[in-house]
Amino acid sequence: MIRAANPLAQEPRYELITRVLRDNIRTGVLPDGFVLLEAPIAAMMRTSRVPVQAALRRLLDEGLVHRFEGRGYLVGQAGPALQPLRGDIRDLSISIPSEVEDALQTRGTWRHVYDQVEEEIASCQIFGEFRIIESELAECLGVSRTVARDVLARLHERGLIRKSTTSHWIAGPLTARIVSEKFELRGIIEPAALRLAAANIRYAEVDVLLERIGTDASITPQYLGDALLEHCIAQAPNTTLVEMIRGNRLLLSAVDRALIQLGLPRDEETIEQYQTLFDLISRHPIDSACEYLKDQMLIAARRYLARMKIVAVISDAGDFAPYLSPL
């Protein structure tokens, strides 16, 4: 009997780790005040620290953990009565669904480093055009040239890099035209998918989001965009359309994370627009929400470009990964 492929094996490792930690926080297995440290989590998940770092940032965006004066993150929201609970997460009865554990442990070697490279390559494109030096990528990651090629092939497949006429791997530049075209495509295909998904939307999750938007200051536009995709758009029965949407969003999402890490403030206007959109979705019928989403993409494109221009005036963007050579 042929074993069915595990669909979770295609998800980024940080997404799988986020899912495990989020579920255990919500069920109380990880109690309020528990100190989450990267190394024990990485050991428990048998992975590197890079996807763990991304998972903890995601939980921070969701308001499930917060920073404190010590090392790591505290579970729960900050408050004067909350005291750090220190211990080894491996000593707790952490629930890891078998399909998630299987996906974490059966992924190919290239997947162990892919998330880190994707983030670094997407981030650099704000600042221009870069050549990716394959030998230095392998050395930097401590992997073979074969693994480095596998990573680059996946990045190429997802549209994050391209090959030059001289067969060099090239990333960027992220131009205004590329951004505009991606948002234009979003304005066409995302409302279409949302309309198809109407009967399957997770309306209970939408209602929870609406309550949180008004009270949780840690919520970010990126988190709300991901929630719109997972709870609403991805529920469309046309899986090909949903995968197209995921692929088109990939570069924009990665660059948006980079902009936030560079210190750009939270976009309050975008949060308000998402609040309006979720309110329309929760009310039914779906047509008004689809029209609003289409119009929102035009506004979002202009705002995204404005944020990129702020970064463009930075003369020194900091250190890029050693395998990236500016052109």
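For the pair residue 66 and residue 298, how long in nm is the line joining their label points, each one 7 Å along Cα→Cβ?
If labels sit at residue 66 and residue 298, their model points lie 4.1 nm apart.
What length, rounded to one decimal in nm, is gained on full extension from residue 39 through to residue 83, with 0.36 nm per residue of separation minus their alpha-carbon distance?
Full-extension gain reported as 13.7 nm.
Please report the relative contact order for the range 32-83, taking Cα pairs under 8 Å with a sequence separation of at least 6, and give it as a percent rounded to a whole number.
Relative contact order for the range 32-83 comes out at 44 percent.
What relative contact order, as a whole-number percentage, does the chain give when Cα pairs under 8 Å and 6 or more residues apart are counted?
20
Run the numbers for residue 90 and residue 309: contour at 0.36 nm per residue of separation, minus the present Cα-Cα distance, in nm.
74.4 nm
May I ask you to derive the relative contact order of the range 176-312, considering only C-alpha pairs under 8 Å and at least 6 residues apart, and to give it as an integer percent?
43
Rounded to the nearest 500, what is the chain's calculated 222 nm mean residue ellipticity when only DSSP H runs of at least 4 contribute -39500 (n - 2.57) each, over all residues?
So the calculated ellipticity at 222 nm is -19000 deg cm²/dmol.
Throughout, read-outs are computed from the coordinates displayed, never taken from laboratory work. Owing to the predicted nature of the structure, the values given are computational and were not obtained by experimental measurement. Neighbour counts run over all protein chains shown; Cβ positions are idealised from the backbone, glycine included.
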